[in-house]
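A quick write-up on the structure given underneath.
The values are calculated or read from the model by the stated rules, or taken from the named source; none is laboratory data. Here the structure is a predicted model, which means the values were calculated and not measured. Quick reminder, even Gly has a Cβ in these numbers, built from the backbone with ideal geometry, and neighbours come from all protein chains shown.
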Amino acid sequence: MLVGSGVPVLKFPKSSLLVLALVICFCCPVEAQTSKIYDIVLQGGRVIDPETGLDTVKNVGIINNRIDEISSKPLRGKEIVNVSGLVVAPGFIDLHVHGRTNQEQEYQLHDGVTTALETEFGTEFLTQWYASRKSKALINYGASVSWAFERFRTLGNFNKELNQLKQTVVSGESGWQNLFNTIQPTYTNSLSPDQTNLTLANIRKSLDEGALGIGVPIAYVPGAKPDEIFEVYKLAAGLQAPVFTHVREAGIMAFQQAIADAAVTGAPLHICHINSSSQGEIYFAIELIQAARSRGLDITAELYPYTASSTKLESALFNDGWQQRRNISYGDLQWVATGERLTKETFDSYRKSGGIVIIHSMQPEWIKAGIAASGIMIASDAVPYARLAHPRSAGAFSRVLGKYVRDEKVLSLPDAIEKMTLLPAKRLEGISPMMKQKGRIQVGSDADITIFDPKTIIDKATFEKGLEFSEGVEHVLVNGSFVLRNGNTVSNVFPGQPIYGKYRK
Ligand SMILES: [Zn+2]
């Protein structure tokens with residue numbers, strides 16, 4: 001204050017100046033925070049963060065692609081979105097999908113998924129595949145190394161097929177079915193020790209391209225002997241790269257095989273779709289996985305919330321004895337191209353021509369048990385687009401939240417969200433440190449956020465009518481950009497980023 005300005009100088013006792021200084025000190029940061037202008041403010045939603053246990057009404061401030069503030073105080077934003085009455089959850093992380101295009105991603109987006117990864121089967125030519133999705137994806141994407149493909153590469157005499165396959169990847173027209181069909185001639189081959197070593201070297205090289213672990217779908221490759229698989233687990237253990245496996249056959253013995261390999265080698269292990277792989281033995285499968293975890297083994301598992309599975313009819317899953325293995329018959333098989341149920345005649349003819357089938361073989365109680373079980377994740381196993389494709393491709397996450405949380409009260413809403421967000425993020429963090437920023441609503445987390453109405457969320461896709469967008473997912477942000485608003489896809493926005501493994505060079 002200028003002396004002689006004519007304004008009276010206020011005099012305070014020293015002690016009250018100290019108090020004033022302290023008040024200013026404590027107020028400043030708060031004022032600075034609330035005067036910040038966020039790009040987007042999500043106002044008044046029920047914010048659920050499974051890691052910290054946060055479950056209360058808050059405002060969320062987003063700057064660029066990050067969550068910058070979570071506060072009970074009003075926040076200022078360039079854009080304020082009223083989300084009162086809605087749940088603000090971390091974007092769902094689906095670590096098991098087979099679709100590779102935006103057509104499939106759009107169904108997932110409407111189901112609340114912000115990251116969709118092909119880990120079970122894995123993807124061929126990873127560098128080219130990641131490049132083909134760059135700046136084009138609606139949601140985040142990534143893949144594991146395909147062990148089945150890498151062993152195909154070692155078998156020789158497939159140069160033409162490999163070139164064709166690579167071309168489809170480079171041109172962005174690749175697909176799981178194309179990969180599956182190309183490598184199918186080698187599914188019954190057993191590898192020599194030299195070929196096994198070459199396969200391991202191929203896997204190692206592909207991990208350097210940024211893969212998220214090793215996809216080991218043994219059920220499709222009956223020629224693979226236990227010693228070959230054991231070598232793959234040893235490699236995985238040395239690198240602490242997770243093995244994502246579709247176990248050798250339906251039933252508990254194959255679970256015990258996989259768990260034994262993981263326990264003996266120290267490989268991190270994720271067992272895919274324990275519902276369809278264990279069938280009626282899901283209770284035993286859950287006990288095995290939980291017991292392994294309580295002994296400190298890094299073993300996880302997932303399921304999807306449906307009583308039918310789906311795969312290719314020409315695959316080894318339908319080799320002789322399939323009826324006994326799954327306790328089903330021709331009429332339990334539904335042909336995806338037409339929706340018809342099969343007979344012996346149509347089974348024989350379609351198995352020759354090839355295509356995808358839905359297999360009705362599970363009981364509702366098994367699915368309930370898996371969804372309720374602590375530590376078991378939700379993953380869709382979404383298949384490539386077809387109008388009558390398995391409804392899990394569009395509705396897996398909304399079905400858990402609508403049918404199993406709200407209607408049947410099988411588990412709490414925060415527990416269900418944990419199975420869709422934090423658990424898959426943690427499964428991947430060892431191989432992909434960038435996942436530590438996902439699966440959470442915390443200051444500093446990536447702004448992958450799913451906002452849904454807990455009163456209305458539900459799956460709409462059915463086995464009879466085919467794929468349909470789920471209902472009740474109102475807004476979805478991927479890396480800070482809206483990709484879904486008021487239940488509608490935002491056009492011409494492609495914020496999906498690659499999810500890479502740590503060995504990427
Ligand atoms: Zn599978």
Any residue at all in segment 259-269 that's within 16 Å of the ligand (Cβ to nearest atom) and within 28 Å of residue 200 (Cα to Cα)?
yes
Among residues of segment 214-224 being part of a strand (DSSP E or B) and either out of contact with any Gly (no Cβ under 9 Å at 6 or more places or on another chain) or of a type in the set (A, V, I, L, M, F, W, C) (or both), the residue surrounded by the fewest Cβ atoms within 10 Å (Cβ to Cβ) is 214
Counted residues, segment 243-253 - those being under 23 Å from the mean Cα position of the chain (by Cα) and at pLDDT 95 or above
6
If a residue must be without any contact (Cβ under 8 Å) to a residue 12 or more places away in the chain and outside any helix (DSSP H, G or I), how many such residues does segment 255-270 contain?
0
Criterion violated by residue 307 - all others in (1) among the polar types (S, T, N, Q); (2) within 14 Å of the ligand (Cβ to nearest atom); (3) in contact (Cβ under 8 Å) with a residue 60 or more places away in the chain; (4) closer than 18 Å to residue 373 by Cα satisfied
(2)
Picked from segment 234-256 (must be over 15 Å from residue 300 (Cα atoms) and not hydrophobic (A, V, I, L, M, F, W, C)), the residue surrounded by the fewest Cβ atoms within 10 Å (Cβ to Cβ) is 238
Only one of 189, 181, 140, 202 is surrounded by 24 or more Cβ atoms within 10 Å (Cβ to Cβ), of a type outside the set (Val, Ile, Thr), more than 16 Å from the ligand (Cβ to nearest atom) and in contact (Cβ under 8 Å) with a residue 24 or more places away in the chain. Can you tell me which?
140
Could you list, in sequence order, all residues of segment 333-349 that are within 15 Å of residue 388 (Cα to Cα) and either among the polar types (S, T, N, Q) or surrounded by fewer than 18 Cβ atoms within 10 Å (Cβ to Cβ) (or both)?
334, 337, 338, 339, 340, 341
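Yes/no per residue for (1) among the acidic types (Asp, Glu); (2) exposed (fewer than 15 other Cβ atoms within 10 Å of the Cβ); (3) within 16 Å of the ligand (Cβ to nearest atom); (4) closer than 26 Å to residue 318 by Cβ:
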{"position": "149", "(1), (2), (3), (4)": "no, no, yes, yes"}
{"position": "152", "(1), (2), (3), (4)": "no, no, no, yes"}
{"position": "155", "(1), (2), (3), (4)": "no, no, no, yes"}
{"position": "160", "(1), (2), (3), (4)": "no, yes, no, no"}
{"position": "163", "(1), (2), (3), (4)": "no, yes, no, no"}
{"position": "176", "(1), (2), (3), (4)": "no, no, yes, yes"}
{"position": "198", "(1), (2), (3), (4)": "no, no, no, no"}
Would you mind stating whether residue 37 is hydrophobic (A, V, I, L, M, F, W, C) and modelled with pLDDT of 95 or more?
yes
Residue 327 meets each of (1) surrounded by fewer than 17 Cβ atoms within 10 Å (Cβ to Cβ); (2) at pLDDT 95 or above with one exception, condition (2)
Test: residue 440 is assigned to a helix (DSSP H, G or I) and of a type in the set (Lys, Arg)
no
Anything in segment 404-433 that is in contact with a Pro (Cβ under 7 Å, 6 or more places away or on another chain), hydrophobic (A, V, I, L, M, F, W, C) and in a helix (DSSP H, G or I)? List them, or say none.
413, 417, 422
Only one of 401, 484, 477 is part of a helix (DSSP H, G or I), buried (at least 21 other Cβ atoms within 10 Å of the Cβ) and aliphatic (A, V, I, L, M), namely 401
Residue in segment 448-460 that is in a loop (DSSP other than H, G, I, E, B), in contact with a helix residue (DSSP H, G or I) (Cβ under 6 Å, 6 or more places away or on another chain), aliphatic (A, V, I, L, M) and surrounded by 18 or more Cβ atoms within 10 Å (Cβ to Cβ) present
yes
In segment 414-426, how many residues are more than 11 Å from the chain's Cα centre (by Cα) and closer than 22 Å to residue 307 by Cα?
3
Matching option when the condition is surrounded by fewer than 22 Cβ atoms within 10 Å (Cβ to Cβ) and either more than 19 Å from residue 291 (Cβ to Cβ) or at pLDDT 95 or above (or both), among 227, 261
227
How many of the residues in segment 313-353 are without any contact (Cβ under 8 Å) to a residue 40 or more places away in the chain and not small (Gly, Ala, Ser)?
22
Of the residues that sit in segment 271-304 and are of a type in the set (Asp, Glu) and part of a helix (DSSP H, G or I), which one is nearest to the ligand (Cβ to nearest atom)?
281
Regarding residue 218, is this residue out of contact with any Asp or Glu (no Cβ under 7 Å at 6 or more places or on another chain), within 15 Å of the ligand (Cβ to nearest atom) and either of a type in the set (Val, Ile, Thr) or free of Cβ contacts under 8 Å to residues at least 60 places away in the same chain (or both)?
yes
Hey, among 311, 346, 338, which residue is among the β-branched types (Val, Ile, Thr) and assigned to a helix (DSSP H, G or I)?
346
